[in-house]
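Visitor: I have a structure I would like to understand better, so I am pasting it below and will then ask my questions one at a time.
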Amino acid sequence: MLQARTPQHAGSREQARELIGGLSQPLAGQRVAVDFGPLLVPTPSYCDEIVKLVLKTGGAERLEVLNASLRGRQLIERSAQNRGVTGRLRIAAAVG
Amino acid sequence: MATLPVEPRRLTISSFDESLGAGLTECHLDSLAFVDAYGLVGIVVAIRAGLAAGEKIEVAAPKRATMREHLAAMGFDQFLAQIGHAPLEAEAEAMESSGVVVPLRSAADAGGEQAISQLLWDQLRDRVDPQVLAALGEGVWEMVANALEHSGTDASVMAQVYRTARFGQPPDHDDKVQVVIGDIGCGIRASLASSPAYAPDSDLEAIELALEYLVSSVHEDPGRGQGLSTTAEQVAGLGGKVAIRSGESKLTVAGEERSAAAVPPLPGTIVALSLPLYPGS
């Protein structure tokens, strides 16, 4: 399982690329867990870019979303629907 | 020739465009008695556009010392210094009482959308409802990123709190926070028209298109085009307003209501997010 943890302040697609790029491994066929716990303000762009990089272009087996706020969960689910990858998304340990 | 030919007393989200002419060479602020964040960012966008067109801009400072100090507190002096203009001869000490929470900033100089968002968060987290803070944070991230990515230029950002109640009294329903982001880029119409998927016939049509979910100049990526629509949705859900000015049109969205206005042309886009400090108060 590959794991990443968001910083407190992040919201751009570029920062999502930095976060996922930091995994430093091919994502294809892997399970990737992203901990959204520290993130103060989830944005549509940030959440969408993570979904895109992990599940669409990265081809990971699964994206597990941890500790996301209600708004973060909504944005991630919407992005997964837009990109047709909801079947490989797992959202766990809800807060807020 | 002057963009502000009528020496306005007020430059606000309601009156700025009425004061605006075409082709800025002189900016008469002599009579100014009140300016909000939209008015200030509007002036800055007009001045930056004039300078980009090769004009030499003269700014006439307000006669009132308190107004000069207020403009300095809003960050206007710093902007004038950046463009090589003489300062307003005022002390910028009145930030707290003026309600300025993020003085006028160049997004690029400040460190981009992350720095602006963090500044806004730090200044507002104890002063507004948490839902308002979250909606503003989300909107500012998205709008500043839009400006920097799609306009091809820098963005000017400012945030101010307006309180009608006196200090120590509970918040009034008219108390609000206004955050404004402006750029002098290609504007929404040209940005969308760069995609083969869209060919808006007017600035107003382009703004309305951009408010639709998943409409973006990056049309080949199916997840793009969420920022403006979700920001408008969030702001409206909290009883706020979003005003989008691009080219020759301005559209204000307040819940289900939309009002459009023809405005004097300016390059780029200005987006204003206005929210009550405490929705439901």
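The values are calculated or read from the model by the stated rules, or taken from the named source; none is laboratory data. This structure is a prediction, so every number in the text was calculated from the model and none was measured. Methodologically, a virtual Cβ is constructed for each residue, glycine included, from the backbone with ideal geometry; neighbour enumeration extends over all protein chains shown.
Visitor: Of B:ASP183, B:ASP221, which residue is within 14 Å of chain A (Cβ to nearest Cβ) and either closer than 27 Å to A:THR57 by Cβ or touching a Ser or Thr at 6+ places or on another chain (Cβ under 8 Å) (or both)?
Guide: B:ASP221
Visitor: Determine whether B:VAL179 is outside any helix (DSSP H, G or I), in contact with a strand residue (DSSP E or B) (Cβ under 7 Å, 6 or more places away or on another chain), at pLDDT 90 or above and not polar (S, T, N, Q). Walk me through how you get there before you give the answer.
Guide: Working: outside any helix (DSSP H, G or I): yes; in contact with a strand residue (DSSP E or B) (Cβ under 7 Å, 6 or more places away or on another chain): yes; at pLDDT 90 or above: yes; not polar (S, T, N, Q): yes.
The answer is yes for B:VAL179.
Visitor: Something else now. Given the conditions (1) surrounded by fewer than 21 Cβ atoms within 10 Å (Cβ to Cβ); (2) assigned to a helix (DSSP H, G or I), which single one is not true for B:VAL144?
Guide: The single condition B:VAL144 does not satisfy is (1).
Visitor: Considering only residues of region B:1-46 that are at pLDDT 80 or above and hydroxyl-bearing (Ser, Thr, Tyr), which is farthest from the chain's Cα centre (by Cα)?
Guide: Looking only at region B:1-46, we keep the residues that are at pLDDT 80 or above, and these are B:8-20, B:27-46.
Now restrict to residues that are hydroxyl-bearing (Ser, Thr, Tyr): B:12, B:14-15, B:19, B:31, B:38.
On the way: B:THR12: 11, B:SER14: 13, B:SER15: 14, B:SER19: 16, B:SER31: 22, B:TYR38: 5 Å.
Filtering region B:1-46 for residues that are at pLDDT 80 or above and hydroxyl-bearing (Ser, Thr, Tyr), the one farthest from the chain's Cα centre (by Cα) comes out as B:SER31.
Visitor: Same structure again: Counting only residues that are free of Cβ contacts under 8 Å to residues at least 12 places away in the same chain and in a loop (DSSP other than H, G, I, E, B), which one in region B:223-255 is surrounded by the most Cβ atoms within 10 Å (Cβ to Cβ)?
Guide: B:GLY223
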